[in-house]
Structures are given as structure tokens and as C-alpha cells.
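Trainee: Sending over a structure as C-alpha cells; questions will come in a sec.
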Amino acid sequence: MRKPIRRAAVIGEGVMGSGIAAHLANAGVHVLLMDIVPPDLSDPQRRDRTPRNRFASSGLERALKARPAAFFSKERAQLVSVGNVDDDLDRIRDCDLVVEAVIEQIEPKRSLFAKLQSIVGEECIVASNTSGLRIAEMTQGLSAPFCQRFLVMHFFNPVRYMKLLELVAGPLTSAETLERIRRFGEDTLGKGIVLAKDTPNFVGNRVGVHAMMTAIHLMLDEGLAPEDVDAITGEPMGHPKSASFRTADIVGIDTLVHVADNCFASLVHDEDRSVFEVPAYVRAMVDKKLLGDKTKGGFYRRGKDGEIQTLDPKTLEYRARGGDKEIRNTCKEIAKIEDPRERVRKLVGAPGKAGEFAWKAAARSLAYAARRVGGASDHPENHIADDIVAIDDAMKWGYNWDLGPFETWDALGFDAVIDRMRKSGLALPPSLEAMRSRNAQSFYKPGGAFLDLRNGDYATRAADPRTLPLASQRRGAAPVLKNDGAEAWDLGDGILGLTFKTKANSIDPDVIAMMTAAVSRAESEFRALVIANQGEHFCVGANLFLVAMAASQKEWGQLRELVKGFQLACQRMKYASIPVVAAPYGMTLGGGLEVCLGAGNVQAAAETYSGLVELSVGLVPGGGGTMNLLWRALEGVPNGATVDAYALVTQVFKNVALARVATSAAEAQEFGYFRRQDGISFDRARQIAESKARAIGLAESGWHPPASRAYVLPGESGIATLSMMIRTLVDAGQASEHDAKIAIKLAEVLCGGVAGSSREVTEDEMLELEREAFISLCGEPKSQERMQHMLMNNKPLRN
């Protein structure tokens, strides 16, 4: 049995190399990040290693400063050490994996692999992060045993956030090597694996760059502007909001040109080769260093007045952003449709310029993808994957498309697309005719079957039970409990699953009622409860519209009952006789985090962004968040024990008063929002299964709810000290008078009120302090202004 991958080396400190090193460290792997010795320090007699590691050190520093963050937390950076390839190659002997990420040229890579061949251990796997160089060329002259442990691991940037990892085996790569890295990629790194062929730019970039270049060429042909194209090829098409030209700015125009040039030079047998030919104006952009975000200007830039400007491809001069009003209005309405399948149907069927451009761009991309699947072409360079699932997964995981090409095709209607493609004169592979002759109506069937274009029959892939979607894990024809805001389903294995159904999974009276009802039903008929939401975010907090409306109408009794109900629902979970596990992901803010604090047990997605952010809308937390966060900080202190709570109160105060958001589940553990023993799911697709496993483990180990606690808190002196801190910020112009008013209310709660130091403060007393602070702030005109501003503009107001 092969040993696990615990130590790795990454050679190449650039954006990709440093990003790969950071994510390996995120997964708990010890990493040696290496690069060349700076030319001015190449004298081998130098004894001081620090400057000779300057390039690698700068890569680590880049990863630490990266935005979005490359590391889950700065703690993880401690797993990364630095070195250089002249002095430190021997340190690689103990590594289980070496990832090469040096310049994309064949000779430097080949030279490096020749050196590694005599150094790495017999079980060490060597991988290249090349985006398109051939394995046979990179490994020319190397031994068969080395080549058996060699493959391509093509990560996508930014490495932490992009799920796609393309694996490419060479002619000598052993099945054991491929399987070992596949398991490491999935289980340890949380990646989605696509097995690609050794063809230029593999799967994701081959199809993705073709789509981007198609849009660039079509824009000129159709006489549209960059903002017109982006309005069409973004959210209405089921693609990211950055669409085509904004994505190019993010990636870098020079990078896009490099990849397109590689395709054009290498794909001499590609029937769409001309699509990869870079237009003259794009080359001129590179010459003028208009490279996108990295040079503060590409297809778009921000002008001196702060307004976004667009590059005119004819003049290469910037102008005010505008575009076609008809296209903008059409696409704006279509983007509001929640279902991406309905969205793309509506777009392609729309009359006018938007629909016509959308059809031309989509049809060419879909037909190209169909011609890239095994058996569709006689030439090996056009065979990028064995099945349609690999291409769809690559585009969803590597380019953040809502639907892959073949899923999009199904959404538009299989027969309808073929008929319209024929009218448009697009070439289709013979396999599609075989589909029709067998009366196939779609590429995918319910249950996971997909059409194998190599033989025209439907096939299935073995499903990983750990990645089954929530709907597939539900038992029975109907939920166990249901109201307008939430429902609870039997998830099997004695687990009841509670799911919010409100917009953005916000908390309203129906959700609160279902939280309590679900706990009661789980206690009587199940062995655990899992809070498993769906949608883009776990929970963005309370329904702010309801709070703002009640406040504006002075419905204080209604507000008090709402807040008290939410507090009690969280306490009900906290002291349930069965374990309650929350499964947060994405935005887990305000009341969303309070749900997790109440549940007490968490299996968080790695990409969970959590914090108590109520001060940004003029309020304090109202669902027990202040008390539960402070009680977390005080864990381990027995009831009645004497402890200086002020330092802990101050830390919690800062986190809440500054609306501090943890940018990963690991950082949330550091902030005290989650416990260190809470679980983290690297692959969001496995989170439900892992949450169930955590709940079952807690139940089977003999679950006992915690005991209620009470503490002596700082009281009046603590409030006074925190008030002085707040006043300092106001006097320095770093906080407004209303910020101060909210912060003092928060200090009063966290310090247990004026009398908090004279006796132990109970949980019920803490909740009452929090409740009254929340209600009183709802009555403040400036807090109401903040709530209204957030509702209208989706950003906070500082008043």
C-alpha cells in the first residue's frame, strides 16, 4: 500500500506555483517552494542562503498578500518553507510529490526533470503544471521508471478557488500513479478531477478559449461593443458575470494571447483553427501593455472619475461605458431568471441582436465541443476527452459555467439545436446522426445516464455516494415537516435534514418555527439533525426587510417576539437531546452564523465566509450571537471560577464591532466562530455526506447536551473601558457617533450589563440584554437609515 502524500515540493514561484504551494498547505501538506537563484547571487561560494532564496521567498510573500486570499489562514503558511534549485534539490528526496511550475518552455522543464530523476525517491510522483506542452517532449530521454511516476496536474487559477484539476497521463504513466493522484486531488485537495488527453490546452482551456475567441471575433463581425458581448455572454448565458472581455482582463490579455497562440500553432488539424488566430487589435493591446487588471487597463479600465471606461477596438482609445440599450435591457431582464436552463433558453430565443449573437456564439461552441469527444474526429489532436461528462465538468469547474456545453444543448432542446445548426451551416460529428437514428432526445437522462458519442449508446459512471446532491439523499415522497420558509426531510441513517427555502436562505418567522419543530421531531423520531441548505449561500442573516418594516412602523412587540423566537430556537438546538450539525458554506453572515453557534456542531465547507455583521446595518446580533460567541471564548472555564474575562470580552467585542468576516472555515476557527474540532469539507459536493457522518458519529458516541453556564463578566468597569476605546476611534475620525452608539450597546451586552461584575450572569440574562439592545437600536433613525440603504443599494451606509 502506497504511503499518503504528506510532503511536497513546488518548483516555480510564479502565480501558479505559489498558488499551488498555498493550497497544498491549506490541505495540511508540508511544502518546499523553490525557484532559481537570482542571477546577481549565482556565486556558489556565497554562504548566506536567505538572499539566494529571494525568488522563492517573494513567491511565498505573494501568496500571503494575494487577494482573494491564497491561504485559508496565515497559520497554514507555516507549512511552507523556501529554497532554491541550486542549493536545495537534495531536500526533495523526502518528498512524496513534486510539482513543476516553471516557465512554459520545453528546455527548462526537460532539464529540471533530468535532475529530478536522480534525486526523487522510488515512490515520489513528479507532475508538471504545464497548460499544454506534450508529455513525450518533456520526458524525452528519461528512464521508464521515472516516466511511470510522471503525469500532468493542471490546476486552474486561483488554485484555492477553482475546483478543476485536469490529470493527463503519458504513454508510460502507470495506472497506480494516476489513481494515487486522482485520490489525492479529490480526497485531500477537494478538487474535481477531469481525465484529459495529451492534446494542446487539454479540455477546459481548449473549449473555454475557443468560446472566448469566438466571442471576440463575432463582436467585430456583428459590429457590437465589448460591453454588449459581456451583457450577452455573462449571466444570461449561464456563465460568470465577468463574461468574455471582463474575464480576459482578469486572466490577463497576454495570457489569453499565449494560450490562443499555442492552440493556433499546435492545432494544425483543427477545423476551427482560425478561431484561435488573435485579432490585430488584441495584439496591439499587448504591445501597448493594455493587459487587463495587472496593468490597470485592458478591455476595461477605471477612469480618473472612478467610472468604468471601455476600450474601442477600432481606435484603441478608452471611452465612457455605454453599449446597445436594447441588448442591455434584454439581458438585464433575462439575468433575473433563477434557473440557468430557462435563462439560456430565453436568451437564445430572444428577438433582436442579443438573441442572434447568443445563438451564433453558443452554437459554434456547442458544435466545437461535440467534435472534440472521442470518435468524433479522425485526428488525435481533436480528441480531448472520452466522454461529454468530462467536457461539461471541465467547463463548470474550470470556467464557472452554470451548465456545460452538453447540458446547455439539452436545455435548448436536442433536436431543435441540431436543426438550427444545420440551417446555420455548422459541421456536426456523425455521432449525432447516430443519436437521432436511435431516437435519442437528450445527452443526459434522469438517473445519471449520458450519451456516449463513441458508440451512440447511453452509459453511466459509477456515482460517488459521497457527492450525491441533497435531493438524491432524501427519503420518501414528501418532507417530514414543511412550511413556507423551510422543510425537513428524512435523509436516511436516522438523520433529519432541515433546509431553509427563503430568498438567500434568510431567517424569517417560518424558518424560526421550523427550527424548533425540526429539533422536536428529531428528538422523538431520529438520532440527529443536520441543517443542510441549498443555493449560493448558507444564510445571509435575518430577513432585513421584515425588521426594517417593523421598525419603521414602530411594531416593537412584533420585533421583540421575532428576536426572542430566534434566540429560543437557537437555544433549543444548543440543548437538544440529539446532536445538531450545521453545514455552512458561502456567505454565513449574521443570523446564519448564529444558527451555527446555536447548533453547536459544524461541518463547514472550506469556502465559508462567516461573521456577525449586524453593526453594518445599525444593529447588534439578535439571535444569541453575542452570548454564544463569548461563551465559546470562555469554554473551559468552570461555572463559578474566577477569571479575568475582560481580555476575552474585548476580543469578541472587536470581532463583532468591526463586523469581522472570516474568509475561510479555517480562519473562522481561528476567530472562534467555529470550534477547532469542527469539520471542514474541502469539496462542497461532499459536505452533506460528511455532515451526516459527523452527526452519526456524535450520536453513536453517546451524545449529551451541554450544561447551561453563567459567568462573572466585566460589568460597569468593562463598559467604561470599551467606551474609552470607542471614543478614541471617534475622535480620530475612524468611527461615527452612531457607530459609537451601536458599539456601546454591544459593550453593555458583552459585559453583562452594569451589574455584570457583581454576580454570575446567566444565559437568559445575556439574551435579555441582547434583545433589548437590538430593539432599542431598531428605534434609532440612523439605524433605520442604514437598514434602508442596505436594502436599496446592497452595501452598508456609514452615517
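Trainee: Compare the peptides 466-475, 602-611 by average per-residue count of other Cβ atoms within 10 angstrom and give them in order, highest first.
Mentor: Values: 466-475: 14.5, 602-611: 25.8.
Ranked by mean Cβ neighbours within 10 Å, highest first: 602-611, 466-475.
Trainee: Given the convex hull over the Cα atoms of region 198-280, what projected area results after averaging over all orientations, in nm²? Walk me through the numbers before you get to the answer.
Mentor: Numbers: hull surface 22.3 nm².
Directional mean of the projected Cα hull area for region 198-280 stands at 5.6 nm².
Trainee: Using only the heavy atoms of the protein chains and a 1.4 Å probe, how would 538, 526, 682 rank by accessible area, largest first?
Mentor: Values: 538 0, 526 35, 682 60 Å².
The residues order as 682, 526, 538, largest area first.
Trainee: Tell me, what % of the accessible area of the chain is carbon and sulfur with a 1.4 angstrom probe? Intermediate results must be reported in sequence, preceding the final value.
Mentor: Numbers: 17260 of 33480 Å².
Whole-percent figure for carbon plus sulfur exposure: 52.
Trainee: Which of 705, 97, 577 sits farthest toward the positive end of the charge dipole of the chain, with +1 on the Cβ of Lys and Arg and -1 on the Cβ of Asp and Glu?
Mentor: So the residue furthest toward the plus end is 97.
Trainee: Going toward the positive end of the dipole of region 426-555, with +1 on Lys and Arg Cβ and -1 on Asp and Glu Cβ, which of 456, 540, 486 do you reach last?
Mentor: Ranked along the dipole, the leading option is 456.
Trainee: Further question on the same structure: Between region 227-262 and region 106-164, what's the alpha-carbon centroid distance in Å?
Mentor: Centre-to-centre distance over Cα atoms comes out at 29 Å.
Trainee: Please state the charge dipole magnitude for region 570-669, taken about the Cα centre, from unit charges on C-beta atoms (+1 on K and R, -1 on D and E), reported in debye and rounded to the nearest 20.
Mentor: Numbers: 5 positive and 6 negative charges, 29 e Å.
Dipole magnitude for region 570-669 comes out near 140 debye.
Trainee: Using 1/(1 + (r/R0)^6) with R0 = 30 angstrom and r between the beta carbons of residue 772 and residue 523, what's the FRET efficiency to the nearest 0.05?
Mentor: Values: r = 31 Å, r/R0 = 1.03.
For R0 = 30 Å, the calculated efficiency reads 0.45.
Trainee: So if we plug the beta-carbon distance of residue 731 and residue 658 into 1/(1 + (r/R0)^6) with R0 = 22 Å, what FRET efficiency do we get, rounded to 0.05? Mind showing how you got there, number by number?
Mentor: Values: r = 18 Å, r/R0 = 0.80.
The value I calculate is 0.80.
Trainee: Assign one of three labels to region 677-753, namely rounded, prolate or oblate, based on the Cα gyration tensor with a ≥ b ≥ c the square roots of its eigenvalues; rounded applies when a/c is under 1.5, prolate when it is not and a/b is larger than b/c, and oblate otherwise.
Mentor: Working: a/c = 5.19, a/b = 2.00, b/c = 2.60.
In terms of gyration-tensor shape, oblate.
Trainee: Where the centroid of each part is defined by its Cα atoms, how far is region 699-725 from region 738-786 in Å?
Mentor: Going from one Cα centre to the other spans 15 Å.
Trainee: Between region 401-456 and region 533-575, how far is it from one alpha carbon centroid to the other, in angstrom?
Mentor: The two parts, judged by their Cα centres, are 47 Å apart.
Trainee: Report the accessible area of residue 177, computed with a 1.4 Å probe over the heavy atoms of all protein chains in place, in Å² rounded to the nearest 10.
Mentor: Solvent-accessible area, nearest 10 Å²: 10 Å².
Trainee: Here's something else I'd like to know. Tally Lys and Arg at +1 and Asp and Glu at -1 over the other residues with C-beta under 14 Å from the C-beta of residue 490: what net charge comes out? Write out the running numbers ahead of the final one.
Mentor: Working: positive: 474, 475, 482, 521, 527, 692; negative: 487, 493, 525.
Charge balance in the 14 Å sphere: +3.
Trainee: Here's a follow-up. Of the listed pairs 289/314; 294/314; 654/741, which have alpha-carbon separations greater than 20 Å here?
Mentor: Details: 289/314 17 Å; 294/314 23 Å; 654/741 15 Å.
Distance filter (> 20 Å) returns 294/314.
Trainee: Quote the accessible area belonging to residue 235 in square angstrom, nearest 10, computed with a 1.4 Å probe and with ligands, DNA and RNA left uncounted.
Mentor: 80 Å²
Trainee: Rounded, prolate or oblate for region 264-367? Axes are the square roots of the Cα gyration tensor eigenvalues, ordered a ≥ b ≥ c, and the cut-off for rounded is a/c under 1.5. Write down the numbers at each step before the final one.
Mentor: Working: a/c = 2.35, a/b = 1.13, b/c = 2.08.
It is oblate, given that a/c is not under 1.5 and a/b is not larger than b/c.
Trainee: Ok, one more. Can you tell me which aspartates and glutamates have their Cα less than 15 Å from the Cα of residue 163? Leave out same-chain residues fewer than eight positions away.
Mentor: Filter leaves 186, 187, 392, 393, 402, 607, 683.
Trainee: Report the label-to-label distance for residue 794 and residue 284 in nanometres (one decimal), using points 7 Å from each Cα along the Cα→Cβ vector.
Mentor: 3.6 nm
Trainee: Stretched out fully, how many nm does the piece from residue 321 to residue 122 gain, at 0.36 nm a residue minus the Cα gap?
Mentor: Details: separation 199, 0.36 × 199 = 71.64 nm, distance 5.81 nm.
Stretched fully, the residue 321-residue 122 segment lengthens by 65.8 nm.
Trainee: Taking a 20 Å limit on the Cα-Cα distance, which of the listed pairs 241/346; 503/564; 332/353 fall beyond it?
Mentor: Numbers: 241/346 17 Å; 503/564 22 Å; 332/353 14 Å.
Pairs exceeding the cut-off: 503/564.
Trainee: Continuing with the same structure: With Cβ to Cβ distances under 9 Å as the rule, what net charge do the other residues near residue 341 carry (K, R +1; D, E -1)? Numbers along the way, then the final one.
Mentor: On the way: positive: 343, 345; negative: 339, 342, 402, 407, 410.
Result for the local shell: -3.
Trainee: With the other protein chains left in place, how much accessible area per residue, in square angstrom, belongs to the chain at a 1.4 angstrom probe? Display every interim value, and only then the final one.
Mentor: On the way: 33480 Å² over 799 residues.
On a per-residue basis, 42 Å².
Trainee: Follow-up. Could you check the spin-label model distance between residue 704 and residue 274? Points 7 Å from the Cα along Cα→Cβ, value in nm.
Mentor: 7.8 nm
Trainee: So for the chain, taking the charge dipole from beta-carbon charges (+1 Lys/Arg, -1 Asp/Glu), which of 779, 590, 27 sits furthest toward the positive end?
Mentor: Toward the positive end, the furthest listed residue is 779.
Trainee: Given a Förster distance of 51 angstrom, what is the FRET efficiency for residue 460 paired with residue 651, based on the Cβ-Cβ distance and rounded to 0.05? Walk me through the numbers on the way to the answer.
Mentor: Details: r = 52 Å, r/R0 = 1.03.
With R0 = 51 Å, the Cβ-Cβ based efficiency is 0.45.
Trainee: Per 5 Å bin, what is the whole-percent P(r) computed from every C-alpha pair distance within region 405-464?
Mentor: 4, 17, 28, 28, 14, 6, 3, 1, 0
Trainee: Sorted by mean Cβ packing within 10 Å, highest first, what order do the peptides 131-138, 336-343, 243-250 take? Please list the in-between numbers first.
Mentor: Details: 131-138: 17.6, 336-343: 14.2, 243-250: 23.4.
Ranking, from highest mean packing down: 243-250, 131-138, 336-343.
Trainee: Show log10 I(q)/I(0) for region 621-692 at q = 0.19, 0.21, 0.22, 0.24 Å⁻¹, two decimals, from a solvent-free Debye sum over equal Cα scatterers.
Mentor: Per q value, in the given order, log10 I(q)/I(0) is -0.88, -0.99, -1.05, -1.15.
Trainee: Let me ask another. For a protection proxy built on the mean count of beta-carbon atoms within 10 angstrom, sort 267-273, 299-305 highest first, please. Working shown, then result.
Mentor: On the way: 267-273: 15.7, 299-305: 14.1.
Packing order, densest peptide first, comes out as 267-273, 299-305.
Trainee: Mind checking the full-extension length gain between residue 50 and residue 436? Use 0.36 nm per residue of separation minus the Cα-Cα distance, one decimal, nm.
Mentor: Numbers: separation 386, 0.36 × 386 = 138.96 nm, distance 6.58 nm.
The span from residue 50 to residue 436 would gain 132.4 nm if fully extended.
Trainee: Mind ranking 88, 40, 402, 464 by accessible surface for me, highest first, 1.4 Å probe? Present the calculation step by step, with values, prior to reporting the outcome.
Mentor: Numbers: 88 10, 40 105, 402 70, 464 45 Å².
Sorted descending by solvent-accessible area, the residues read 40, 402, 464, 88.
Trainee: Mind checking which lysines have their Cα closer than 19 Å to the Cα of residue 692? Skip sequence neighbours fewer than 8 apart in that chain.
Mentor: Hits, sequence-local ones excluded: 574.
Trainee: Which whole-Hz couplings ³J(HN,Hα) result when phi for each residue of region 677-693 is put into the Karplus expression 6.51 cos²θ - 1.76 cosθ + 1.60, θ = phi - 60°, listed in order with x for Gly and Pro?
Mentor: The phi angles translate into 8, 5, x, 10, 9, 6, 9, 4, 5, 9, 5, 5, 4, 6, 5, 4, 4 Hz.
Trainee: Just to be sure I follow: if Rg is taken over the C-alpha atoms of region 394-496 and Rh is the Kirkwood radius over the same atoms, what is Rg/Rh? Please report the intermediate quantities before stating the final value.
Mentor: On the way: Rg = 18.5 Å, Rh = 16.8 Å.
Here Rg/Rh amounts to 1.10.
Trainee: Size of the dipole of the chain about the Cα centre, Lys and Arg at +1 and Asp and Glu at -1 on the beta carbon, nothing else charged, in debye to 20? Working shown, then result.
Mentor: Working: 97 positive and 102 negative charges, 52 e Å.
My answer is approximately 240 debye.
Trainee: Also, I was wondering about something else. Roughly how much of residue 30 is accessible, in Å² to the nearest 10, using a 1.4 Å probe?
Mentor: 80 Å²
Trainee: Dipole magnitude of region 56-174 about its Cα centre, charges +1 at Lys/Arg Cβ and -1 at Asp/Glu Cβ only, in debye to the nearest 20?
Mentor: Working: 14 positive and 15 negative charges, 108 e Å.
Charge dipole of region 56-174: 520 debye, to the nearest 20.
The values are calculated or read from the model by the stated rules, or taken from the named source; none is laboratory data. Quantities reported herein were computed from a predicted structural model and do not represent experimental measurements. We place every Cβ from the backbone using ideal geometry, glycine too, and count neighbours over all the protein chains shown. We work out accessible area using only protein heavy atoms, side chains counted, and drop any ligands, DNA or RNA first. Shrake-Rupley method; radii C 1.70, N 1.55, O 1.52, S 1.80 Å.
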